[in-house]
Amino acid sequence: TWAASLACSASLNSLIKWLVGRSRPTALDYDGLSAFSFPSGHATVNLTLYGVVAVFLWREIAPEKRWSAAVLLILFGAAIAVSRLYLGAHWFTDVVASSLLAVAI
């Protein structure tokens, strides 16, 4: 499940980048599909990763620790998404779309 989720996340992200072909907000040293901005691959894959881990932990750890573990993992993913904005690598809508894609996966 974990590997399939990440593979799906990376594949869909690349497909959408290829279809949309949106330029990045700043000139960064990217080439190929990575030169495109929409959606953010870092945000999509990491939010998918931490989301899947949160679901797995939800089933395995004690009920009183579930919410804190899930929130902490989602915050890790969100920090990566915000860092993409801070670094000027993506537009806000890139990160929002990436987050929605990760939730869907």
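The values are calculated or read from the model by the stated rules, or taken from the named source; none is laboratory data. Please read these numbers as outputs of a predicted model, since none were measured by experiment. Cβ atoms come from the backbone with ideal geometry, glycine included; neighbour counts cover every protein chain shown. These area figures cover heavy atoms from the full protein model, side chains too; ligands, DNA and RNA do not enter into them. Shrake-Rupley method; radii C 1.70, N 1.55, O 1.52, S 1.80 Å.
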Rounded to the nearest 10 degrees, what's the angle between the helix 63-86 long axis and the longest principal axis of the chain, both from Cα atoms, 0 to 90?
-> 10
Alpha-carbon radius of gyration plus Dmax, which is the widest Cα pair, for region 14-105 in Å = 14.7, 47
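Give the shape of region 43-93 as rounded, prolate or oblate, defined through the alpha-carbon gyration tensor: a ≥ b ≥ c are the square roots of its eigenvalues, a/c under 1.5 means rounded, and otherwise the shape is prolate if a/b is larger than b/c and oblate if not.
Details: a/c = 4.57, a/b = 2.69, b/c = 1.69.
Prolate, since a/c reaches 1.5 and a/b exceeds b/c.
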Solvent-accessible ranking of ARG66, ARG59, largest area first, probe 1.4 Å = ARG59, ARG66
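Taking the Cβ of PRO39 as the centre, find all other residues whose Cβ is under 14 Å away and add up their charges (Lys, Arg: +1; Asp, Glu: -1). Walk me through the numbers on the way to the answer.
Numbers: positive: LYS17, ARG22, ARG24, ARG84; negative: ASP94.
Local charge sum for PRO39: +3.
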Under a point spin-label approximation (7 Å from Cα along Cα-to-Cβ), what is the TYR86-LEU100 distance to one decimal in nm?
-> 2.6
Hey, with R₀ at 35 Å, roughly what FRET efficiency would ALA3 and SER23 work out to, going by the Cβ-Cβ distance, to 0.05?
-> 0.65
